[in-house]
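Engineer: A single structure is presented below for examination.
Just so it is clear, none of the values below were taken in a lab; they were calculated from the coordinates. These numbers come from a predicted model, not from an experiment. Positions of Cβ are backbone-derived with ideal geometry, glycine not excepted, and every protein chain shown enters the neighbour counts.
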Amino acid sequence: MSYNQFSCSSADVITGITPGCDIQIGAPEKLFFTNVDFQFDTETLAKTESQWGIDIAAQDILPSPLVEEFDDNSEDDTYYVSPITSLATFIREGKADFTFRFKYDPCLDKRLRGLNGQQKRLIWVDASNNVVGTSPDDTVFKGIISGTLRVQKWKMSTGDNISFTEIRFAAESNYERSDQVAAYKADFNIKGLNGIQPATLTEVSSSATEIVVDVTTSCGGIAIEGLTDSDFVFYEGSTTTEEAITGAVESATIPGRYTLSGAAFVTGTLNLRDVVTLSGSYYKGTALAITI
C-alpha cells in the first residue's frame with residue numbers, strides 16, 4: 001500500500017482514470033502545523049490515531065480550529081511572450097499562497113500570533129477526511145513546508161458575517177507541493193483532534209501536608225476534571241527537586257478543585273506535569289508559586 005491510492009482498483013491505467021476512484025481533494029477544513037523537522041516515519045504511523053495524539057502532546061503537531069473560509073492567493077506562472085513571434089516561454093512557476101480564516105477567539109488569536117515569523121509544515125484535511133501532505137519516498141509523511149507564517153490582523157464582523165482570525169501560508173517549494181504530494185483517507189475522526197489548551201492553577205489554601213488548588217482552562221475558566229496525583233508536580237524552592245505528591249482528591253462539590261497530599265511541602269512551585277491528556281483533550285499548566 002502507498003499514498004494517493006484512495007479507493008482505486010489495482011488496474012494498471014497509467015494515465016487513465018479508474019472507475020470508482022475517490023480522487024477529489026476538497027477544500028481544507030482542518031489544518032495541522034508541524035515543526036519543520038517533524039515527519040511520520042511510515043505510512044502506518046501516519047494513519048494511526050494514537051500516534052497523532054502522542055505527537056500533539058509532544059507539541060510536534062499544532063492542530064488549528066476548523067477552517068471557516070479560505071482564499072487562494074497563488075501567483076500565476078510567469079512567461080515571456082515574444083513581441084515578434086508571439087511565442088510564450090516559461091520563466092518560473094508561481095508560488096502557492098493561501099489565507100485561512102477561523103472564528104475569532106481573542107485568547108486563541110493571541111497565542112496563534114506566536115507563530116509569526118516561524119517556518120512550519122502544513123498538513124490539511126478536507127471534508128471527506130482526505131489527509132494531504134507530502135512524501136519524498138512514498139514512505140514518510142510530512143507537511144508542506146512554508147515560508148515564514150503570518151497571523152494577520154483579526155477582522156471585525158461586518159454585520160453579516162463573523163469576526164475572523166486569518167493565517168497566511170505560502171508554500172516554499174512548489175516541487176514538494178506538486179511533485180511529492182501524498183494523500184490518504186483517514187479512518188478516524190481526525191478533524192476532531194484538538195490542540196493543547198493552557199491551564200491555570202489557583203491556590204485555595206496550603207500547608208506542609210496539604211495543598212488545595214483549583215485547575216481551570218486559562219481561556220474561559222472551565223474546570224478541568226479527572227486529574228490524578230501523577231498529573232501534578234511540586235518543585236521545592238527554585239530548584240528541580242521534587243516533593244512527592246502522595247494523593248490528589250477531587251472535590252465532590254466544586255469541579256476542578258483538588259486537595260493534594262504530601263509529607264513535607266515547603267515553599268516552591270506547583271504545576272501540571274508536562275502535557276496532560278484527558279479524554280482526547282490536552283492541557284499545559286503555568287507554574288504556581290506556593291508559600292508554606
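Engineer: Counting only pairs 8 or more places apart or on different chains, how many lysine pairs in region 28-192 have C-alpha atoms closer than 22 Å?
Structural biologist: 28
Engineer: Can you compute 3J(HN,Hα) from phi for each residue in region 131-144, using the Karplus curve 6.51 cos²θ - 1.76 cosθ + 1.60 with θ = phi - 60°, rounded to whole Hz and x for Gly and Pro?
Structural biologist: Here the 3J(HN,Hα) series is 9, 10, x, 8, 8, x, 9, 6, 10, 6, 9, 8, x, 7 Hz.
Engineer: Take VAL215, VAL249 and order them by how many other Cβ atoms sit within 10 Å, fewest up front. Display every interim value, and only then the final one.
Structural biologist: Details: VAL215 24, VAL249 14.
In increasing order of surrounding Cβ atoms, one gets VAL249, VAL215.
Engineer: Something else: Counting other beta carbons within 10 Å of each residue's own, what order do ARG257, ARG121, ARG113 fall into, fewest first?
Structural biologist: The most exposed by this proxy come first: ARG113, ARG257, ARG121.
Engineer: Could I ask something else about it? Enumerate the residues in region 241-284 having an amide nitrogen under 15 Å from the point lying 7 Å beyond the Cα of VAL204 toward its Cβ.
Structural biologist: Within reach of a label on VAL204, which here means backbone N under 15 Å from a point 7 Å along Cα→Cβ, region 241-284 contributes 248-261.
Engineer: I'm a student and want to see the number: the projected area of the Cα convex hull of the chain, averaged over all directions, in nm². If you can, show how the numbers build up before the last one.
Structural biologist: Numbers: hull surface 88.5 nm².
If I average the Cα hull's projected area over directions, I get 22.1 nm².
Engineer: Also, I was wondering about something else. For ILE290, which sequence-distant residues (separation of 5 or more, or a different chain) have an amide H within less than 5 Å of its own amide H, given hydrogens modelled in the peptide plane?
Structural biologist: Long-range HN contacts for ILE290: GLY268, THR269, LEU270.
Engineer: Expressed as a rounded percentage, what relative contact order does region 37-104 have, with Cα pairs under 8 Å and six or more residues apart?
Structural biologist: Values: 70 pairs, mean separation 19.8, N = 68.
Relative CO of region 37-104 lands at 29 percent.
Engineer: Direction-averaged shadow area of the convex hull around the Cα atoms of region 150-201, nm²?
Structural biologist: Over every viewing direction, the Cα hull of region 150-201 projects on average to 7.7 nm².
Engineer: Follow-up. Taking amide H positions as placed 1.01 Å from N in the peptide plane, with prolines and chain starts having none, which residues 5 or more places from LEU66, or on another chain, fall under 5 Å of its amide H?
Structural biologist: none
Engineer: Separate question: Please list, in chain and number order, the residues 5+ apart from ARG273 or on another chain whose amide H is under 5 Å from its amide H, with Hs placed from the backbone.
Structural biologist: For ARG273, the qualifying residues are PHE232, VAL233.
Engineer: Once every Cα of region 28-192 carries one equal point scatterer and solvent is ignored, give the base-10 log of I(q)/I(0) from the Debye formula at q = 0.15, 0.19 Å⁻¹, two decimals.
Structural biologist: With no solvent term, the Cα-only Debye profile gives -0.85, -1.25.
Engineer: Report ³J(HN,Hα) in whole Hz for each residue of region 162-167, in order, from the Karplus equation J = 6.51 cos²θ - 1.76 cosθ + 1.60 where θ = phi - 60°; Gly and Pro get x.
Structural biologist: Each residue of region 162-167 in turn: 10, 6, 10, 9, 10, 10 Hz.
Engineer: When the Karplus curve 6.51 cos²θ - 1.76 cosθ + 1.60 is applied with θ = phi - 60°, which whole-Hz ³J(HN,Hα) does each residue of region 168-179 get, with x for Gly and Pro?
Structural biologist: 9, 10, 10, 5, 6, 10, 5, 4, 4, 5, 9, 8
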